[in-house]
Structures are given as C-alpha cells and as structure tokens.
Amino acid sequence: MIREDGEFKEFLEERPGFYGCDLDNTFLQTGLSYIIHVITPDGNEYESDFDKLRPVPVIDSIYYEVEKASYQTESDYTDGIRFFIDFTFNDEAFEYIRWNVTETYEFHNPDMEAFIWDVDFSYYMLPDTSNYRICYITNPLTEIHSMALGYLDFGIYIKKPFAFVPNIQQEQKLKHKYSVLIKQYSLGEEAFHYWNELKKTSQEQGFLFDRQPALLKSNIHNVNDEEETVLGFFSMAGIVERRAFAEKPEGIDLSLYEWYCFPVVKGPGGPVSREDLPKYYARAWRDGVSVRAEVNKHCVDCRAYKNSTHIIPDFW
C-alpha cells in the first residue's frame, strides 16, 4: 500500500492467497490518500486509483424494537426484533457511510443422552466432553447498508434500521441471548456508488433484463493492459464499531420447538458399511416412554452447525 507522499507498507502472505500488514496510526492518517499496488506471481501489475481516508461519525446508541414483519414471503408474518442506531452528523467531511453487521447468538441442544456408532463399529455413550449442548453461533449478515449524508441537516440522525431478526423457534436466535456487532465505515463517492450498485444486483428481486454484477466498475486496473477487466474495488475507510445485546425481548413467544431433534424411531435400515459411520443416536423421554433413535450429529454436538463453537465469546 502506498501513501500519497510516497510512504508505503508491504503486505506479506500469511497463508495461501491471504496477505496482511500491521498499519499503525503513523501510516494511516485521516485526510491522506492511498493506493494499492499488486504484483502477481506471473509478473502482472495491478494498481488502484487513489482513495482518501475519511473521518467517520461515532455511533451514539444501538437499540432494538419488537415488531412483526414478513420473513420469507410478503404474507408470512413473524414476530421478531429490529436493531436501530443513532449517530451525529456534525462534520461536512462525513460524506458517505456503509455499515457491516455480524450476529452472534447462544444455541442450546436438548438435554438428551447421546450415543455414537463409531467407525470401528463400537457403540457407546458419548461422554459429556463430546456431547456439546450449548454453543455460540456467529454469522455475518449479508444485507448491504449505505447512506449519503449530503442531504442531511447537521444534528443527530435517529433510527437507522437494520435487518429484521425473526423469532424462528428452531433457530433459537432470540431464545437465550442475541448480539449484533455494527461496524460503521466512512466512504468516498465512488465507493458509495460501487456498494449501491452491488446492493442492486445482489439484494433486489431480479428479472430477466436486470443489470448483472459483471457491470460493476472497478477502480483497479492492469498497469500494462487497460483493457483487462478487473473485479473488486479498493477503498479506504475510517471505522467505528459498537455491540448491542437482546435478552428475552418482551412480547415474543420464546418457547422452544417441542420436536427439535427429538429422536423418532424409523423403519429398519439396510446393511451399514464403514463409510456410513459414524452414526449418532439420542435417547429422550416422552409421556413416560423412553425413545432412542438415530439423529443428526448437530443434535448431540451443536458445534456441527456452521460457524458454531462451544467456547464462550469474550464479549458474552
């Protein structure tokens, strides 16, 4: 990365295809412009346009409200919550803003005895150290949020809304504890338009003659071949972040889905080979009757869910 005054930082490969560098405050200075210069293993050189590092307003507050909204279809209304933020627009240098949102929530498996039919054909009860019932699932929310500030009057901007979090009993997002981390970025005009176009091609309902993502204009070019099409966009951004939590929102039915992962006896199966193993089983009680049957792995080990861990996050 090269600064407008010629100072530069070299990014080193941390793992195949990923490069990183520590950029401290002596190098990153608000008001200065930067470019990225890349030399590929085959000798091609790519360079971006200059982009200025702009200041970013602070997030004054984050809060949520309970509401009913459509989830999968316009007629499918569900209770849930929606987060909002307030921020103060008091500097003309705050031109455009983009937000990135990441969710984390606590997930509980049923309290059932768990068993494994292992690859050596042995069958035994899973020890507590392998029967993980409580996990923490973290997912980036892909909806793109951006805003031009030029039309605003100076003062506090109130209630910028974010994605609706539906109360789906099987997901348990709101059952125990839910958190969002909101990152607020400053943008220049070109980066703002790039993200707006990306939003149109990725989030709005598409039709046959809609514009395609390939039409997005990059500000990165091949130094020796201006005709080459380059994907992606380089921009500098100031950033602030803030986290908020929701615990047992009032007015929402937070009961668990009764049949989640409950073992259901199935008909006889065919021969089992080593490739079919391991298989997982659970035993639960219903109406005084013990039921034991095969279940999915995530029913006895919640770490099997995507982006899930049994380790409690530091911020929890």
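The values are calculated or read from the model by the stated rules, or taken from the named source; none is laboratory data. These figures come from a predicted structure and were not determined experimentally. We place every Cβ from the backbone using ideal geometry, glycine too, and count neighbours over all the protein chains shown. Note: accessible area is taken over every heavy atom of the protein model, side chains too, but ligands, DNA and RNA are not part of it. Shrake-Rupley method; radii C 1.70, N 1.55, O 1.52, S 1.80 Å.
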Search result, residues across region 76-126 that are outside any loop (DSSP other than H, G, I, E, B), open to solvent by less than 50 Å² (accessible area, probe 1.4 Å) and of a type in the set (Ser, Thr, Tyr): Thr78, Thr88, Tyr96, Thr102, Thr104, Tyr105
Some residue of region 144-158 being surrounded by 12 or more Cβ atoms within 10 Å (Cβ to Cβ), hydrophobic (A, V, I, L, M, F, W, C), out of contact with any Lys or Arg (no Cβ under 9 Å at 6 or more places or on another chain) and part of a helix (DSSP H, G or I): no
Verdict on Asp49 being over 28 Å from His193 (Cβ atoms) and out of contact with any Phe, Trp or Tyr (no Cβ under 7 Å at 6 or more places or on another chain): no
Listing of strands (runs of 3 or more DSSP E) fully contained in region 234-316 that carry 3 or more residues being touching a Leu at 6+ places or on another chain (Cβ under 8 Å): 239-246
In region 214-241, the residues that are touching a residue at least 60 places away in the same chain (Cβ under 8 Å), within 29 Å of the chain's Cα centre (by Cα) and open to solvent by 100 Å² or more (accessible area, probe 1.4 Å): Glu241
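What do you reckon, is Arg286 within 23 Å of Phe107 (Cβ to Cβ), surrounded by fewer than 12 Cβ atoms within 10 Å (Cβ to Cβ), of a type in the set (Lys, Arg) and modelled with pLDDT under 90?
Numbers: within 23 Å of Phe107 (Cβ to Cβ): yes; surrounded by fewer than 12 Cβ atoms within 10 Å (Cβ to Cβ): yes; of a type in the set (Lys, Arg): yes; modelled with pLDDT under 90: yes.
Against the criterion (within 23 Å of Phe107 (Cβ to Cβ), surrounded by fewer than 12 Cβ atoms within 10 Å (Cβ to Cβ), of a type in the set (Lys, Arg) and modelled with pLDDT under 90), Arg286 qualifies.
Does at least one position in region 9-26 carry a residue that is closer than 30 Å to Lys248 by Cα, open to solvent by less than 90 Å² (accessible area, probe 1.4 Å) and not basic (Lys, Arg)? Explain how you work it out, then say what you get.
The initial filter retains those residues of region 9-26 that are closer than 30 Å to Lys248 by Cα, namely none.
No, region 9-26 contains no residue that is closer than 30 Å to Lys248 by Cα, open to solvent by less than 90 Å² (accessible area, probe 1.4 Å) and not basic (Lys, Arg).
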